Amino acid sequence: MKEKHAQRNAVPQEEKAPPILAGRHAIIEAIKAGRGINRILLADGVRGSG
């Protein structure tokens with residue numbers, strides 16, 4: 001009975017919030033590690049070394 005209750009309340013994979021990376025260093029490291037990235041957002045006018 002508990003299994004049916006758990007299945008009924010389970011959140012489907014596509015409805016879960018996707019993991020979000022913030023910061024250029026975190027994104028660069030994720031790319032180097034071969035992690036799949038769906039989208040990268042950039043702010044206009046941001047400057048810095050890198």
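All of the numbers you see were taken from the coordinates with simple rules; none came from a lab. Since we're looking at a predicted model, the values are computed, not measured. When we count neighbours, we look across all protein chains shown, and the Cβ atoms used for this are built from the backbone with ideal geometry, even at glycine.
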Extension gain, Ala43 back to Arg24 (0.36 nm per residue minus Cα-Cα distance, nm): 5.7 nm
Net charge of neighbours whose Cβ lies under 15 Å from the Cβ of Ala22, counting Lys and Arg as +1 and Asp and Glu as -1: +2
